[in-house]
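Each value in this text was obtained by applying a stated rule to the coordinates, not by laboratory testing. The structure displayed is predicted, hence computed values, not measured ones. Note: ideal-geometry Cβ built from the backbone for every residue, glycine included; neighbour counts use all protein chains shown.
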Amino acid sequence: MIEFHDVHKSYAVNGQSIAALQSMQLKVLRGEIFGLIGHSGAGKSTLLRLINRLEEPSGGRIIVDGVDVTALDAQGLRRFRQRVGMIFQHFNLLSSKTVADNVAMPLKLAGELPRVQIKQRVVELLARVGLSEHANKYPAQLSGGQKQRVGIARALATDPKILLCDEATSALDPQTTAQVLQLLAEINRELGLTIVLITHEMDVIRRVCDRVGVMDGGVIVEHGLVSDVFLHPQHPTTQRFVQETEGDTDLAPGEDYQHVSGRIVRLTFLGEATYAPLLGRVARETGVDYSILAGRIGRIKDQACGQLTLALTGGKEMLAEQQLRAAGVHVEVLRP
Ligand SMILES: Nc1ncnc2c1ncn2[C@@H]1O[C@H](COP(=O)(O)OP(=O)(O)OP(=O)(O)O)[C@@H](O)[C@H]1O
Ligand SMILES: [Mg+2]
């Protein structure tokens with residue numbers, strides 16, 4: 001749905017050229033929720049704003065749904081932007097307009113629908129985001145979560161194919177964040193919208209995204225399926241993000257388990273294997289004893305997952321590992 005070919009972006013600051021994005025290659029698939037995570041200044045917003053050309057690239061090509069965005073003229077760009085909705089951290093609502101008028105805004109600007117139909121569409125959109133009763137309120141009379149719902153309804157008004165979210169939940173409390181993320185997941189599923197979502201919280205990625213790119217210093221340092229990146233982070237930046245949400249589990253670098261005897265392995269469970277009563281059976285059948293050194297069990301989007309660090313002693317260790325692998329468990333040996 002979205003392709004970046006060798007895209008770079010520099011800003012001129014005090015006569016000097018500062019690179020915000022360097023030679024970016026990126027593919028976002030149709031219908032997925034793609035997360036971008038990175039620390040402040042990593043270039044996330046720049047990348048997002050290049051997709052609908054709110055920023056002009058300094059070089060490279062950006063293809064969206066088969067259209068070379070970099071080649072569009074002003075009129076083409078105006079039409080293209082109707083296919084791309086955007087929501088923001090601070091909602092960007094017009095305070096002097098009601099909820100309904102805020103949502104109607106993009107439709108009035110597009111000037112393609114008669115008034116009656118705009119009204120009807122606004123009713124539908126407010127119902128979709130659960131704000132039907134608030135149509136005539138002003139933004140100041142809404143909670144943060146409700147304001148973001150207005151932002152989402154407004155972004156959906158022109159029936160876009162893509163939704164860009166720049167830190168859309170960063171100003172919200174955890175519970176409201178969860179509700180807004182759930183709404184985004186519904187929209188993705190039911191409308192088939194492709195969503196690109198920026199955040200600095202790994203937890204947001206874990207809850208809703210299918211794939212993720214980790215940004216650092218204007219480049220994507222690691223990308224892949226959320227389950228892969230989350231359970232087997234390779235780059236130090238990714239490892240730090242995972243650690244921040246997971247606390248100091250066995251991922252803490254430098255943990256050498258000197259005081260523990262036996263062979264140390266880390267098991268990663270994904271999907272069905274997570275809840276299967278495997279360990280006991282394998283221990284019985286192979287005579288291997290185990291002690292649990294660290295562990296976590298949770299969910300990645302719709303999938304259960306878990307990770308356990310074990311010390312194995314006695315019995316047929318190799319057979320035990322074979323049996324675990326055969327049951328779909330990923331086995332890493334941390335210390336032979
Ligand atoms: N309009 C601009 N003029 C000059 N420099 C800019 C401009 N916009 C961004 N930058 C610089 O480009 C780099 C990337 O900025 P960007 O806003 O994309 O980061 P970000 O990852 O979105 O950060 P944050 O998490 O703080 O929003 C930063 O070094 C920033 O200072
Ligand atoms: Mg930003």
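One table, with the values for the structure above:
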| item | result |
| --- | --- |
| Normalised convex hull volume, region 38-164, alpha-carbon set, Å³ per residue | 128 Å³ |
| Isotropic mean projected area of the C-alpha convex hull, region 112-226 (nm²) | 8.5 nm² |
| Mean Cβ neighbour count within 10 Å, used as a protection proxy, ranking 114-121, 125-132 highest first | 125-132, 114-121 |
| Helical contribution to [θ] at 222 nm, DSSP H n ≥ 4, -39,500 (n - 2.57), averaged over the chain, rounded to 500 | -10500 deg cm²/dmol |
| Under 13 Å from Lys301, Cα to Cα: aspartates and glutamates that are on another chain or at least 8 residues apart | Glu32, Glu186, Asp203, Asp210, Asp228 |
| Check: region 263-335 dipole with +1 on Lys, Arg Cβ and -1 on Asp, Glu Cβ, in debye | 120 debye |
| Sum of side-chain charges, Met105 neighbourhood, beta-carbon under 11 Å (Lys, Arg +1; Asp, Glu -1) | +2 |
| Spherically averaged projected area in nm², based on the convex hull that wraps the Cα atoms of region 151-207 | 3.7 nm² |
| Extent along principal axes [Cα atoms of region 263-335; Å; largest to smallest] | 37, 20, 16 |
| Net dipole in debye of the chain [+1 Lys, Arg Cβ; -1 Asp, Glu Cβ; about Cα centre; nearest 20] | 1140 debye |
| Base-10 log of normalised Debye intensity for the chain (one unit scatterer per alpha-carbon) at q = 0.07, 0.08 Å⁻¹ | -0.38, -0.48 |
| Order of Arg81, Arg240, Arg299 - criterion: other Cβ atoms within 10 Å of each residue's Cβ, fewest first | Arg299, Arg240, Arg81 |
| Order of Thr98, Thr199 - criterion: other Cβ atoms within 10 Å of each residue's Cβ, fewest first | Thr98, Thr199 |
| Lysines whose Cα lies under 21 Å from that of Lys147, excluding same-chain neighbours fewer than 8 positions away | Lys97, Lys108, Lys119, Lys137 |
| Options Gly280, Gly314, Phe269, ranked by Cα towards positive dipole end of region 263-335, top entry (Cβ charges) | Phe269 |
